[in-house]
């Protein structure tokens, strides 16, 4: 599933917050001061759901000029934009500034919403639509839908909701292969949990338990807990609004503008090489050595603009420049940024980062400009990515790549780091890499195989792990195959259920009769404990017209791990099996060997069930039989 953030933008009091409430039922004005003043000061968040399961997050950003810093913090994670224009006011200064900011931040799709259409007559509304058409010419909103609505009467709210649905469905897939990064726009403490930060996960996937670091400070931490839309989750994906409970850090250790990132994935710098754009409608000429406010993610820093090939940059022009700060910044090549004039505060330009940790450049040096041109066109790592793709699933090391390229390993390290940072390559095992295009081919083949399996076995939770490895990675060793499967899991494309794999969006659909059978089977095995009845006896307890369904449902419960089948006649409920494993594990912590009689006594059961469990351990390589004794082999999985 693709995860998309829709952002509102527009002038103060043009009805953004009320519109979101009409769409979602959620009031995003969470601060008392906002309630009192009737304007959005801080960022507000909501989520919009559609009947087909599609979901999008919504960021309500402030419209008042004084709060544009907060608007920029929210706009950094937006995929799609709703530009809000009130029917009784039309385009206002902040409407234009917000549109410029969205354009500078690289947003490609959106629509325009005319609010308060119930307070104007049809002729005025028609004139307003024509004005908006003219205003958005040359921007990413040119030719996009313009929808008049009323949040008070509900007029066209359903039409708007459906247009947003279409936009979300056509939104480009996020690259989940990039190391995770979450710019922080809120920091607070929760009793019993500690420090919590919120933001939009702009890259990669976060997992509960992952090690992380705060950048630019470098403070080490761990992800204790994740929430998306108020619900606990084990994994968060790029494009989601996320609350992150961080271990080992105080609220005072973090400030708005920091980012939570995978350790070592973001370089810290005080200089950035950029392609700088002066806005077409700007009232300022950007001069060399000019001081500006730099907005990046939720961070705001003072920066000096060094124009590398000219003395001034006029409105509508762009050039290569170096931004120099007095404070550290944690940015990545490819990030977008905005700059504002010092006083009066007004947006004058922005652009894209070409090098996140450059050397200090002299101006008007042809070699510097040529190097930036190469960086801008993305050709710096072409030879490395070409060889990496040719090597396919060999998962080469830097040394192997250097050998193939007739280069020194030290000369390959920087290109491979940048390729991984851009998501064009993935480090699937420590020091071993695969190209993103090869991962795409693996995913296409895996998707086809699993989709076929689901079609043939609609009540199975998934395909056996060993079978997936054999069909998707026939000539690959298990370590490499498992690493590639882990990467697909991390990207949210597949999921693991017990010892099986399934497509992430696959669900088992039972009939009403099958659901009743499922409940009876679970109750039978849960109540029976270790000494469960034989499979034949359990199935014989169902009526004749339930025989086929009961067998299918029992098999389904085995595939999803609810039941553990020790042998064809003995099944245990999962909690019973887990307790038996706990007892066995504790025995092996004290003793090197285990015999049948010992296990029988440990479980307080008969020889039949103890032997079935030992055989199951042997079959799954947990233990290995040596005469009449067992020793740990591969051990118990985590």
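The values are calculated or read from the model by the stated rules, or taken from the named source; none is laboratory data. Computed from a predicted structure; not experimentally measured. Positions of Cβ are backbone-derived with ideal geometry, glycine not excepted, and every protein chain shown enters the neighbour counts.
Structure above, values below:
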{"item": "Count of residues meeting criterion [in a loop (DSSP other than H, G, I, E, B) and at negative phi] in region 214-223", "result": "3"}
{"item": "Positions within region 406-421 being closer than 22 Å to residue 180 by Cβ and surrounded by fewer than 18 Cβ atoms within 10 Å (Cβ to Cβ), in sequence order", "result": "413, 414, 417"}
{"item": "Options 602, 596, 611: the member that is touching a helix residue (DSSP H, G or I) at 6+ places or on another chain (Cβ under 8 Å), free of Cβ contacts under 8 Å to residues at least 40 places away in the same chain and closer than 18 Å to residue 569 by Cα", "result": "611"}
{"item": "Lone unmet requirement of (1) touching a strand residue (DSSP E or B) at 6+ places or on another chain (Cβ under 9 Å); (2) surrounded by fewer than 16 Cβ atoms within 10 Å (Cβ to Cβ); (3) not assigned by TED's automatic domain parsing to the domain that holds residue 446 for residue 392", "result": "(3)"}
{"item": "Selected residue (only one of 169, 104 is at pLDDT below 95, under 28 Å from residue 242 (Cα atoms) and buried (at least 21 other Cβ atoms within 10 Å of the Cβ))", "result": "104"}
{"item": "Sole residue being within 30 Å of residue 171 (Cβ to Cβ), assigned to a strand (DSSP E or B) and either more than 21 Å from the chain's Cα centre (by Cα) or not assigned by TED's automatic domain parsing to the domain that holds residue 344 (or both), chosen from 226, 301", "result": "226"}
{"item": "Subset of region 223-250 [surrounded by fewer than 15 Cβ atoms within 10 Å (Cβ to Cβ) and closer than 28 Å to residue 7 by Cα]", "result": "230, 231, 232, 234"}
{"item": "Output for region 342-351, where each listed residue is out of contact with any helix residue (DSSP H, G or I) (no Cβ under 8 Å at 6 or more places or on another chain) and modelled with pLDDT of 90 or more", "result": "348"}
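Here is a yes/no grid of residues against (1) within 17 Å of the chain's Cα centre (by Cα); (2) buried (at least 20 other Cβ atoms within 10 Å of the Cβ):
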site	(1), (2)
165	no, no
174	yes, yes
186	no, no
190	no, no
196	no, no
202	yes, yes
211	yes, no
218	no, no
221	no, yes
